[in-house]
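Asker: I'd like to ask you about the structure that follows.
A short reminder: the numbers here are calculations on the coordinates, not readings from a lab. These numbers were taken from a predicted model, which means no experiment stands behind them. Glycine gets a Cβ as well: all are built from the backbone with ideal geometry, and neighbour counts include every protein chain shown.
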Amino acid sequence: MDRAETELNVPQGAARMAPFPSLRRGWAEAKKMRQSYVLLAPYMILFFVFTVLPVAMAIAISFTNFNLLEFPKWVGWHNYTRMFLEDDVFLIAVKNTFLFAGIVGPISYMMCFVFAWLVNELKPRTRALMTLFFYAPSISGNVFFIWQIIFSGDRYGYVNGFLLDLGIINQPITFLRNEDYVLWIVLLVQLWLSLGVSFLAFIAGLQTVDRSLFEAGAVDGIRNRWQELWYITLPAMRPQLLFGAVMQITASFAVADVSTQLAGFPSVNYAAHTIVTHLEDYGTIRFEMGYASAIATMLFIVMVGANVIVQKLLRKVGE
């Protein structure tokens, strides 16, 4: 009997049951891995409760008018149209935030890797000391007072005192109250603070690169350190590179504390205003939770899109 006759003689019920063996095999595999699922369950529950559920609730609330006292009222797309068509301060915050992301993000990402690559070549004891030196600012407490002293608006500020001694200026400049300077100072401080977690991840990644790969690369025709970096080191560090990219993107789009501590809240003429400070304004001061949720939703979409783009770029490393 040929295949066509066999298929014709198969009962319809049996045909419907055909996919079930694969389902049974999948269920059997799941039963074998049940210990892994049990161990993973606490994390997944916490992730769903404290990450997935709040994001979903924020998206839903963004279509309402909600002030924490009254029941939310459905307003549809009003919060989003208000955001882009009526709120001029939000547009300033978007410009400043993308300036942070476009300058601080890539520069700090490359600086973290370059410093990690250079420090990794040092002796173990020196490497440990330099790692602490670069990582310390990200774990320190309130370090903003150092920068407030450096850019103090009187003659006792380090920058003002230095410029006065050189005769460049005749009177002190109020750097943190001048919209021509404050944004760039916040950018500088954020760049300094960002050399932390990603740097540590890159150091760890460089330590785990298999040294035998360099010997194999030399046999295959790799002749200098730049070729080693591109064809061996970077492909071997893709997980750390992706982690560092996610951390830098998150930090550059979520700038708030630096701006608030140095420039005040709000900053002069909103010169250092960011999307997160705008979100804090409407969410924690005005209690317009519907509009604040719309701002948070837009920021979430932008950050997810930026992460997707970076992941696609990192896949091409070493090709």
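Asker: Can you return the lysines within cross-link range of Lys123? Criterion is Cα-Cα under 29 Å, with same-chain partners fewer than 8 residues away left out.
Answerer: Result set, ordered by chain and number: empty.
Asker: Calculated from DSSP H runs of 4 or more alone, at -39500 (n - 2.57) each and per residue, what is the 222 nm mean residue ellipticity of the chain, nearest 500?
Answerer: Numbers: 18 runs with 213 residues, N = 319.
Only helices count here, giving -20500 deg cm²/dmol.
Asker: Then there's this: Once you put a point 7 Å from the Cα of Phe287 and another 7 Å from the Cα of Lys312, both along the Cβ direction, what distance in nm separates them?
Answerer: The modelled label-to-label distance comes out at 4.4 nm.
Asker: Sticking with this one: Quick check: the angle from helix 34-47's long axis to the longest principal axis of the chain, C-alpha only, nearest 10 degrees?
Answerer: 40 degrees
Asker: Is region 203-319 rounded, prolate or oblate when judged by the Cα gyration tensor, a ≥ b ≥ c being the square roots of its eigenvalues, rounded requiring a/c under 1.5 and prolate requiring a/b larger than b/c? Present the calculation step by step, with values, prior to reporting the outcome.
Answerer: Working: a/c = 4.13, a/b = 2.92, b/c = 1.42.
Prolate.
Asker: Rounded, prolate or oblate: pick one for region 83-315, where a ≥ b ≥ c are the square roots of the eigenvalues of its C-alpha gyration tensor, a/c under 1.5 means rounded, and failing that, prolate if a/b is larger than b/c, else oblate.
Answerer: Numbers: a/c = 2.64, a/b = 1.45, b/c = 1.82.
Oblate, because a/c is 1.5 or more while a/b does not exceed b/c.
Asker: With springs only between Cα atoms under 10 Å apart, run a GNM on the chain and tell me which of Arg24, Arg211, Arg286 wobbles the most.
Answerer: Of Arg24, Arg211, Arg286, the Gaussian network model singles out Arg24 as fluctuating most.
Asker: Measuring from centroid to centroid over Cα atoms, what is the spacing of region 220-263 and region 91-119 in Å?
Answerer: The distance from the Cα centre of region 220-263 to that of region 91-119 comes to 10 Å.
Asker: Another question, then. With angles folded into 0 to 90 degrees, how steeply does helix 88-120 sit against the dominant principal axis of the chain? Use alpha carbons for both and round to 10.
Answerer: Around 80 degrees separate the two axes.
Asker: Here is a further query. Convex hull over the alpha-carbon atoms of region 179-234: what's its volume per residue in Å³? Don't skip to the answer; put the middle values down first.
Answerer: Values: hull volume 4.9 nm³, N = 56.
Measuring per residue, one finds 87 Å³ for the Cα hull of region 179-234.
Asker: Using a 7 Å offset from the Cα along the Cα-to-Cβ direction at both Ile168 and Ala41, what is the distance between the two label points in nm, to one decimal?
Answerer: Taking the two extended label points, one gets 6.4 nm.
Asker: What is the extension gain from Arg34 to Val246, computed as 0.36 nm multiplied by their sequence separation minus the C-alpha to C-alpha distance, in nm to one decimal? Write out the running numbers ahead of the final one.
Answerer: Values: separation 212, 0.36 × 212 = 76.32 nm, distance 3.10 nm.
Answer, rounded to one decimal: 73.2 nm.
Asker: To continue, here is another question. Between Thr208 and Asp88, with labels modelled 7 Å along Cα→Cβ, what's the label distance in nm to one decimal, could you check?
Answerer: Going from the Thr208 label point to the Asp88 one covers 5.1 nm.
Asker: Is region 66-195 best put as rounded, prolate or oblate by its Cα gyration tensor, with a ≥ b ≥ c the root eigenvalues, rounded for a/c under 1.5, and otherwise prolate when a/b is larger than b/c, oblate when not? Numbers along the way, then the final one.
Answerer: Working: a/c = 2.48, a/b = 1.38, b/c = 1.80.
Oblate is the answer for region 66-195, as a/c is 1.5 or above yet b/c matches or exceeds a/b.
Asker: Suppose R0 equals 51 Å. What FRET efficiency, 1/(1 + (r/R0)^6) with r the Cβ-Cβ distance, do Leu99 and Leu68 give to the nearest 0.05? Can you show the working numbers first?
Answerer: Values: r = 32 Å, r/R0 = 0.63.
Once rounded, the FRET efficiency stands at 0.95.
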